[in-house]
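The values are calculated or read from the model by the stated rules, or taken from the named source; none is laboratory data. The structure presented is a predicted model; accordingly, all values stated were derived computationally and were not measured. Backbone-built Cβ (ideal geometry, glycine too); neighbour counts: all protein chains shown. Quick note on the areas: whole protein, heavy atoms, side chains included, nothing else; ligands and nucleic acids left out. Shrake-Rupley method; radii C 1.70, N 1.55, O 1.52, S 1.80 Å.
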There are 2 protein chains.
Amino acid sequence: MKTLSTSLSHGGLQGVYSHASETCACDMTFAVFVPQQAAQGPLPVLWYLSGLTCTHQNVMDKGEYRQLAAELGLIVVCPDTSPRGEAVPDEKDNWQFGAGAGFYVDATEAPYARNYRMYSYVTQELPALIAREFPADMERQGIFGHSMGGHGALTIALKHPDRFRSASAFAPIVQPSTAGWSKPAFQKYLGEDETAWRAYDACALVEDGARFPEFLIDQGKADGFLDDGLRPWLFEDACHKAGIPFSLNMREGYDHSYFFISTFMDDHLRWHAQRLV
Amino acid sequence: MKTLSTSLSHGGLQGVYSHASETCACDMTFAVFVPQQAAQGPLPVLWYLSGLTCTHQNVMDKGEYRQLAAELGLIVVCPDTSPRGEAVPDEKDNWQFGAGAGFYVDATEAPYARNYRMYSYVTQELPALIAREFPADMERQGIFGHSMGGHGALTIALKHPDRFRSASAFAPIVQPSTAGWSKPAFQKYLGEDETAWRAYDACALVEDGARFPEFLIDQGKADGFLDDGLRPWLFEDACHKAGIPFSLNMREGYDHSYFFISTFMDDHLRWHAQRLV
């Protein structure tokens, strides 16, 4: 692991790191914030998965999570959203596929299967690195994210209910197998057989029996992607049928940006801290 | 005035606007945050001046000011740091001069005097526009900034003690007429006669009799520009000799970045609110 930068912030250390990822067969960059309480012992880990077009940096710059994470004593880990590099296949002009759009799946189709393995990366390789290199208590993990990263957080929580104690999302894509901006990516990463897509679709996972203790979702009502791509009511319905407690806050006037995310960041950090600290 | 974007954030409206500036003879962009309390009547205005290489956007993205400004009821105005455009003379490879480096002076030298009039822009043209277009109580104004923008805030406050009730700075350039990164710019904007520079130098202004009720400065001790460019002790000394109350917080471990600024943003907002609200 290579340290790219560190800055003291709100008493803790905001770092950016890179490493040669075996899973993604390329160098991967990620951000970690470690509150100063880590000097007294390992701290819970909260994973933040970012949305389409983002890197580790967007939430680090604009998420406004450090002040309260420092107070609550939460390590916040922010991975990149895809493999990157000259050798990684990409569609340069397509923001919904390739670089910045890994969708937290393990691709099975050529030529993507070699690098686009973000599911394994964020559930196996990166957690092992975090456990090894940071003062992290891996028995206390939570996960959240935004948009495509909200999809990542919900699906990963549903597939690892024993690992994560808490899960939430800002404006998540809840049914990527039917949304216009994710369906073409699923086709290219996972192939034409749509049954394989269900393992990466929060609604389908719940329909197929996956369970998690409870979810919190915040969604802006002025979000331009609400009706076409996000549709949190589909997941609300699936959770309702499955008996999974589900808090959906529809926020009047808020859009899809980090201005929305940062506004409700504290609510989500407190939600996770109640279950982790 | 043209609205480039607006987003609801922390209950208020974060907007980005542009207008054809007569003063700078080019289009200028700026950001304004208006808390929701503006519905009940005009609110105090806090000016934030940014540092070298920045636009209006850096502090808007990374300053973490909205949550508390929304609570305290402060309008926050963030101007750009220089004129910009094809017709504006610039030195593309020089981050300490030209675009992003207006130094809040009115240039007197050709070819810069036509556009580089950031002092008049932020003290006259933009305030008039803010007063006209926003629910701003111009009887209650404060000013702060970072680095080159800290220099701007200190000098403008010292030259307008009747207009501003509060002034503070993060890691300000306090004596630009002798610092390596500002002296060449002063030469090009203001000419070789260094007596003309004193009107834009916080230390010289105090030495020459300018006064302001009190200042707050936060400065990171791990700031790489501390000894060469910033040197807050020079201003502390000038204020001490002049009997101007001066709070200088030297912050162990903090650097020059927005990770530092955002950490102490709340302290500064409260400082201004105590004098404005």
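So what is log10(I(q)/I(0)) for region B:94-216 at q = 0.13, 0.17, 0.18 1/Å, when the Debye sum runs over its Cα atoms only?
So the normalised log intensities are -0.50, -0.85, -0.95.
Rounded to the nearest 500, what is the 222 nm mean residue ellipticity of chain A from helices alone, with -39500 (n - 2.57) per DSSP H run of 4+ residues and division by all residues?
Details: 8 runs with 77 residues, N = 277.
Theoretical 222 nm ellipticity from helices: -8000 deg cm²/dmol.
Along Cα-to-Cβ, 7 Å out, sits the label point; list in nm, shortest first, how far the one on A:Asp208 is from those in the other copies.
Spelled out, the distances from A:Asp208's label point are 7.4 nm.
Normalised radius of gyration for region A:38-101, please: alpha carbon Rg relative to 2.2 N^0.38 Å, two decimal places. Can you show the working numbers first?
On the way: Rg = 15.0 Å, N = 64, 2.2 N^0.38 = 10.7 Å.
Output field value: 1.41.
Quick one: compute the contact order of chain B, relative version, from alpha carbon pairs under 8 angstrom and 6+ residues apart, as a percent. Each step should come with its number before you reach the end.
On the way: 626 pairs, mean separation 48.4, N = 277.
RCO, chain B: 17 percent.
For a quick check, take a GNM of chain A with Cα springs below 10 Å and name the residue from A:Tyr48, A:Tyr65, A:Tyr200 with the largest mean-square fluctuation.
Fluctuation is largest for A:Tyr65.
Considering chain A as a Gaussian network with a 10 Å cut-off on Cα pairs, which listed residue, A:Tyr254, A:Tyr189, A:Tyr121, attains the greatest mean-square fluctuation?
A:Tyr254
Could you compute how much accessible area chains A and B hide from each other, both sides summed, with a 1.4 Å probe? Nearest 100 Å² is fine.
Working: alone 11070 and 11090 Å², together 20250 Å².
Separately minus together, A and B give about 1900 Å² buried.
Using a probe of 1.4 angstrom, how much of the accessible area of region A:1-64 is carbon and sulfur, in percent? Walk me through the numbers on the way to the answer.
Values: 1020 of 2220 Å².
Answer for region A:1-64 is 46 percent, counting heavy atoms of protein chains only.
Where in chain B is the longest stretch that carries no trypsin sites (Lys or Arg not before Pro) classed as loop by DSSP and with at most 16 other Cβ atoms within 10 Å?
Numbers: sites that count: B:Lys92, B:Arg114, B:Arg163, B:Arg211, B:Lys221.
Maximal segment without exposed cleavage sites: B:1-91.
Rounded to two decimals, what ratio of Rg to Rh does the protein assembly as shown give with C-alpha atoms and a Kirkwood Rh? Present the calculation step by step, with values, prior to reporting the outcome.
On the way: Rg = 25.1 Å, Rh = 24.9 Å.
Rg/Rh: 1.01.
Using the crude model of +1 on Lys and Arg Cβ and -1 on Asp and Glu Cβ, and no other charge, please compute the dipole size for region B:179-254 relative to its Cα centre, in debye to 20. If you can, show how the numbers build up before the last one.
Values: 8 positive and 14 negative charges, 21 e Å.
So the magnitude is around 100 debye.
Taking the Cα centre of region A:202-277 as the origin and placing charges on Cβ (Lys, Arg +1; Asp, Glu -1), which of A:Ala202, A:Phe260, A:Pro213 is farthest toward the positive end of the dipole?
The Cα lying farthest towards the positive end belongs to A:Pro213.
If the elastic network links every pair of Cα atoms under 10 Å, which of B:Pro135, B:Pro176, B:Pro111 fluctuates the most in the Gaussian network model of chain B?
B:Pro111
From Cα coordinates alone, what are the radius of gyration and Dmax values for region B:1-134 in angstrom?
Considering region B:1-134 through its Cα atoms, Rg and Dmax are 15.1, 47 Å.
Tell me which aspartates and glutamates have Cα within less than 18 Å of A:Lys2's Cα, excluding those fewer than 8 residues away on the same chain?
A:Glu22, A:Asp27, A:Asp80, A:Glu125, A:Glu133
With N set to the residue count of region A:154-277, report its C-alpha Rg divided by 2.2 N^0.38 Å to two decimal places. Let's see the in-between values first.
Numbers: Rg = 14.5 Å, N = 124, 2.2 N^0.38 = 13.7 Å.
It is 1.06.
Which lysines, on any chain, are close to A:Lys62 with Cα under 23 Å apart, when same-chain ones fewer than 8 places away are left out?
List returned: A:Lys221, B:Lys62.
Dipole of chain A (Lys/Arg Cβ +1, Asp/Glu Cβ -1, origin at the Cα centre): which of A:Gln175, A:Tyr48, A:Met118 lies farthest to the positive side?
A:Tyr48
For A:Lys188, give me every one of the lysines with a C-alpha distance below 27 angstrom, ignoring sequence neighbours fewer than eight places off in its own chain.
Within the straight-line cut-off, A:Lys188 pairs with A:Lys92, A:Lys159.
Using a 10 angstrom Cβ neighbour count of at most 16 plus a DSSP loop assignment to flag exposed GluC sites (Glu not before Pro), which longest range of chain A is free of such sites? Spell out each step's value before the answer.
Numbers: sites that count: A:Glu22, A:Glu86, A:Glu91, A:Glu109, A:Glu192, A:Glu214, A:Glu252.
Free of exposed loop sites, the longest segment is A:110-191.
Give me the compactness ratio for region A:77-130, meaning the Cα radius of gyration over 2.2 N^0.38 Å. Could the numbers behind the result be given before it?
Working: Rg = 11.0 Å, N = 54, 2.2 N^0.38 = 10.0 Å.
Normalised Cα radius of gyration, region A:77-130: 1.10.
At 1.4 Å probe size, with every protein chain present, just tell me what the per residue accessible area of region B:168-227 comes to in Å². All intermediate terms of the calculation are to be shown ahead of the outcome.
Numbers: 2130 Å² over 60 residues.
For region B:168-227, the solvent-accessible area averages 35 Å² per residue.
Give me the one-decimal nm value for the distance between modelled label points at A:Glu207 and B:Ser18, 7 Å along each residue's Cα-to-Cβ direction.
According to this spin-label approximation, the distance is 4.6 nm.
Using the C-alpha gyration tensor of chain B, what are the square roots of 5 times its eigenvalues, in whole angstrom, with the largest one first?
Values: eigenvalues 134, 105, 59 Å².
After diagonalising the Cα gyration tensor, the semi-axes are 26, 23, 17 Å.
Under the Karplus relation 6.51 cos²θ - 1.76 cosθ + 1.60, θ = phi - 60°, what is the ordered set of whole-Hz ³J(HN,Hα) values for region B:18-34, x standing for Gly and Pro?
9, 7, 7, 7, 6, 4, 9, 6, 6, 6, 10, 10, 8, 10, 9, 10, 10
One decimal, nm, shortest first: give the distances between the label point of A:Arg114 and those of the same position in the other copies, each label point 7 Å from Cα along Cα→Cβ.
5.4
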